[in-house]
Amino acid sequence: MRIVILSRNRRLYSTRRLVEAARGRGHVVAVVDPLKCVMDITSRRPTVYYRGEKLSGFDAVVPRIGASVTFYGLAVLRQFEVMGVYPANESVAIGRSRDKLRSMQLLARAGIGLPVTGFAHSPDDTQAVLGLVGRAPVVLKLLEGTQGRGVVLAETSKAAESVIDAFRELDANFLVQQYIREAGGSDIRAFVIGDRVVAAMRRQAKEGEFRSNLHRGGTASVVKLAPEERATAVRAAKTIGLNVAGVDIIRSNHGPLVLEVNSSPGLEGIEGATGKDIAGLMIAYLEKKARPDNTRTRGKG
């Protein structure tokens, strides 16, 4: 099988592991920076060129597209889909996951548990949106934030109002979300491939911090999921349309609540915590599924 990995940096842990896993299973792999791709979008012969060479004959494409290059990265991925190349995650699904508001609306419609969340535009509605979420503390999240950036814990209503005013001065879109105190600064990353959770880790925020992201100094340890948590993670990934996903779950007094569904989950933390070959499992999934035009949308939508 011939596999192309869309990644801006071939030295990143996740990219290196995917290359190692694919080559270890006898496949040919190319790492391509999506921003250096040129596309011929003519309907009769859609093509992708990289450094002047035509990219053809690939069976599967693995998108490792950073949030900062989502627009062009998804355009390149769509082009591969139009060419009939099987994507580990489809462009439409990645687009849904990158829009925090849209993804939460889709999850809510599917009946998946979420923290109480509010969204408003007008400054006149500040008290109304805070009232929807309930008493402070509350969490405020920029829609464009990643890896814990743009996430603020407001301990009081006055603090929340001040942060909201600051976000609005920046003309930034944000969510106001219920703070789950009983979680104690921890959450769970469930790694979903296909229709099952293949690994899970518990992330604990460092002292004095409420964000459990490993990039923020959090620590990771292996965790055993309850059946309800496994089912929730798989349903969340399927609702967004992702074949490969990192589903972030928080344990509350009312059961598991989904915080986010990540379409490009990192491998270093989960492989280190669990000792599992997640990259190999991803390649094994492609071996089963990678057939020409075996996608739901083929780049449409």
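Can you pull the Rg over Rh of the stretch 96-209, Cα-only, Kirkwood?
Numbers: Rg = 15.1 Å, Rh = 15.4 Å.
Here the Rg-to-Rh quotient is 0.98.
Choose one answer from Asn253, Asn262, Asn89: the residue with the largest mean-square fluctuation in a GNM of the chain with alpha-carbon springs under 10 Å.
Fluctuation is largest for Asn253.
Work through the residues other than Leu6 whose Cβ is under 10 Å from its Cβ and net out their charges, Lys, Arg +1 and Asp, Glu -1. It would help to have the intermediate numbers written out before the result.
On the way: positive: Arg8, Arg64; negative: Asp33.
With Lys, Arg at +1 and Asp, Glu at -1, the neighbours total +1.
Once the Cα gyration tensor of the stretch 22-146 is diagonalised, what are the square roots of 5 times its eigenvalues, in whole Å and ordered largest first, as equivalent ellipsoid semi-axes? Can you show the working numbers first?
Numbers: eigenvalues 313, 50, 35 Å².
Sorted largest first and rounded, they come to 40, 16, 13 Å.
Sorting Met83, Met282 on the 10 Å Cβ count, fewest up front, what's the list?
Details: Met83 20, Met282 24.
With the fewest neighbours first, Met83, Met282 line up as Met83, Met282.
Can you tell me which of Glu260, Glu228, Glu81 moves the most in a GNM of the chain? Springs connect C-alpha atoms under 10 Å apart.
For the chain, modelled as a Gaussian network with Cα springs under 10 Å, the answer is Glu228.
With an 8 Å cut-off on Cα pairs and a minimum separation of 6 or more residues, tell me the relative contact order of the chain in percent.
Details: 601 pairs, mean separation 59.9, N = 301.
It rounds to 20 percent for the chain.
Tell me the label-point distance for the pair Ser221, Glu169, using the 7 Å Cα-to-Cβ offset, in nm and rounded to one decimal.
Inter-label distance under the simple model: 4.1 nm.
Okay, helix-only estimate at 222 nm for the chain: each DSSP H run of n ≥ 4 adds -39500 (n - 2.57), divide by all residues, round to 500 deg cm²/dmol; what do you get?
Values: 9 runs with 97 residues, N = 301.
Only helices count here, giving -9500 deg cm²/dmol.
For Asp195, Asp40, Asp277, Asp187, what ranking results if the residue with the fewest other Cβ atoms within 10 Å of its Cβ goes first?
The most exposed by this proxy come first: Asp195, Asp40, Asp277, Asp187.
Which three semi-axes in whole Å describe the equivalent ellipsoid of the stretch 117-179, each the square root of 5 times a Cα gyration tensor eigenvalue, listed largest first? Walk me through the intermediate numbers first.
Working: eigenvalues 49, 37, 21 Å².
Working through the eigenvalues yields semi-axes of 16, 14, 10 Å.
Find out how many positive minus negative residues lie around Ile240, taking Lys and Arg as positive, Asp and Glu as negative, among other residues whose Cβ is under 15 Å from that of Ile240.
+3
If we count other beta carbons within 10 Å of each Cβ, what is the order of Val69, Val192, fewest first?
Final ranking by Cβ density, sparse to dense: Val69, Val192.
Percent relative contact order of the stretch 117-179, based on C-alpha pairs within less than 8 angstrom and at least six residues apart?
It rounds to 45 percent for the stretch 117-179.
Taking the Cβ of Gln105 as the center, what net charge do the other residues with Cβ under 11 Å away carry, scoring Lys and Arg +1 and Asp and Glu -1?
Details: positive: Arg96, Lys100, Arg102, Arg109; negative: Asp99.
For residues surrounding Gln105, the net value is +3.
Rg and Dmax of the stretch 182-263, Cα atoms, in Å?
12.1, 37
Roughly how tilted is helix 100-109, in degrees to the nearest 10 and between 0 and 90, from the longest Cα axis of the chain?
On a 0 to 90 degree scale, this one is about 80.
Only one of the values (1) 1.04; (2) 0.99; (3) 1.31 was calculated from this structure for Rg/Rh (Cα atoms, Kirkwood Rh); name its label.
(2)
Hey, got the Cα dimensions of the stretch 236-276 along the principal axes, in Å, largest first?
Here the spans come out as 31, 25, 12 Å, largest first.
With axes computed from alpha carbons, what is the tilt in degrees of helix 70-82 against the longest principal axis of the chain, rounded to the nearest 10 within 0 to 90?
40
Rank Gly269, Gly111, Gly95 by mean-square fluctuation in a GNM of the chain with C-alpha springs under 10 angstrom and give only the top-ranked residue.
Largest GNM mean-square fluctuation: Gly111.
Here, each number is a calculation from the coordinates, and none is a lab measurement. Keep in mind that what you see is a predicted model, and the values were worked out from it rather than measured. Glycine gets a Cβ as well: all are built from the backbone with ideal geometry, and neighbour counts include every protein chain shown.
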